[in-house]
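*Asks:* Okay, here's the structure, questions in a sec.
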Amino acid sequence: SRWILGVTGGIGSGKTAVTDHFQRLGIVVVDADLAARKVVEPGQPALAAIAAHFGDRVLDADGRLLRPVLREIVFSDPAQRKALEAITHPAIRETLERELTAADSPYAILASPLLWESGQSALVRRTLLVDAPEHLQIARASARDGVSPGQIEAILKAQWSREQRLARADDVLLNDGTLAALQAGVERLHAGYLQEAST
Ligand code: ATP
């Protein structure tokens, strides 16, 4: 089977900056967030299953998923959340497996903000955590998204802690310096991954 690296990290940690650089080095990056969006596009079986379970109130006139409506339903009801995940998780998993299998680079990357929480870590050989001090996560994410530091802080509190992630990761890139330093770290790891994937 293919050699796959899982890349994860909290909000604003620098995951995209890291995976963009791996991509520049020729590595195929499969994005779990993108896969989660694809499986609920019109025409996808998961969207039909969602409409069958939750009713047409979760679709707009064009048959597109009304995310805010669905979010509201599952937010307040753990059983409904479970029902949604029972539909989407297998579909996402299938998409990720198909895309990772098709990846034509020396190794491939699965980028997932919820790599461990979702169980997607089962698909990877090794894990890389992009780690940053919380004050930098908050500053970077709020500057990027134009939202208040308080909103980013609330998201941060709902996610796994740095300690929880650090305890699980095989490799860690501490993103507390310049982008150039981060990219140098990526290149150093890439050399090792190429070696490992070829043996
Ligand atoms: P999210 O999970 O919220 O999508 P992410 O982990 O993918 O975030 P990025 O989008 O890569 O994080 O980084 C957040 C912001 O901080 C971006 O605007 C990025 O350009 C910037 N950034 C990341 N690392 C650095 C750095 N070392 N120096 C300066 N800016 C950085």
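The values are calculated or read from the model by the stated rules, or taken from the named source; none is laboratory data. Since this is a predicted model, take the numbers as computed values, not measurements. In this analysis, Cβ positions are derived from the backbone assuming ideal geometry, glycine residues included, and neighbour counts consider all displayed protein chains.
*Asks:* Would you check if there is a residue in the range 35-51 being loosely packed, with under 13 Cβ neighbours inside 10 Å, among the hydrophobic types (A, V, I, L, M, F, W, C) and without any contact (Cβ under 8 Å) to a residue 24 or more places away in the chain?
*Replies:* no
*Asks:* Of the residues 141, 154, which is of a type outside the set (Lys, Arg) and free of Cβ contacts under 8 Å to residues at least 60 places away in the same chain?
*Replies:* From the options 141, 154, the qualifying one is 154.
*Asks:* Could you count how many residues in the range 92-114 are under 19 Å from residue 23 (Cα atoms) and within 15 Å of the ligand (Cβ to nearest atom)?
*Replies:* Qualifying residue count for the region: 5.
*Asks:* Sort through 3, 116 and tell me the only one that's in the same structural domain as residue 138 (by TED's automatic domain parsing), within 19 Å of residue 173 (Cα to Cα) and touching a helix residue (DSSP H, G or I) at 6+ places or on another chain (Cβ under 9 Å).
*Replies:* 116
Listed here are the residues, each with its yes/no results for (1) closer than 16 Å to residue 129 by Cα; (2) of a type in the set (Phe, Trp, Tyr).
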| position | (1), (2) |
| --- | --- |
| 146 | no, no |
| 160 | yes, yes |
| 166 | yes, no |
| 186 | yes, no |
| 190 | yes, no |
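*Asks:* Does residue 28 meet the test of being within 30 Å of residue 107 (Cα to Cα) and in contact with a helix residue (DSSP H, G or I) (Cβ under 6 Å, 6 or more places away or on another chain)?
*Replies:* no
*Asks:* So which helices (runs of 4 or more DSSP H) are wholly in the range 3-71 and hold at least 1 residues that are within 16 Å of the ligand (Cβ to nearest atom)?
*Replies:* 15-24, 32-38
*Asks:* While we're on this one: Which of the numbered conditions does residue 79 fail, given that it passes all the others? Conditions: (1) more than 16 Å from the ligand (Cβ to nearest atom); (2) crowded, with 20+ Cβ neighbours inside 10 Å.
*Replies:* Condition (2) is where residue 79 drops out.
*Asks:* Go through the range 163-199 residue by residue and tally those that are of a type outside the set (A, V, I, L, M), within 13 Å of the ligand (Cβ to nearest atom) and in contact (Cβ under 8 Å) with a residue 60 or more places away in the chain.
*Replies:* Number of matching residues: 3.
*Asks:* Here's a follow-up. Show the residue pairs meeting these rules: Cβ distance below 8 Å; 6+ apart or different chains; first residue within the range 5-17 and free of Cβ contacts under 8 Å to residues at least 60 places away in the same chain and under 17 Å from residue 161 (Cβ atoms); second residue more than 7 Å from the ligand (Cβ to nearest atom) and part of a strand (DSSP E or B).
*Replies:* That search, which allows pairs on different chains as well, returns nothing.
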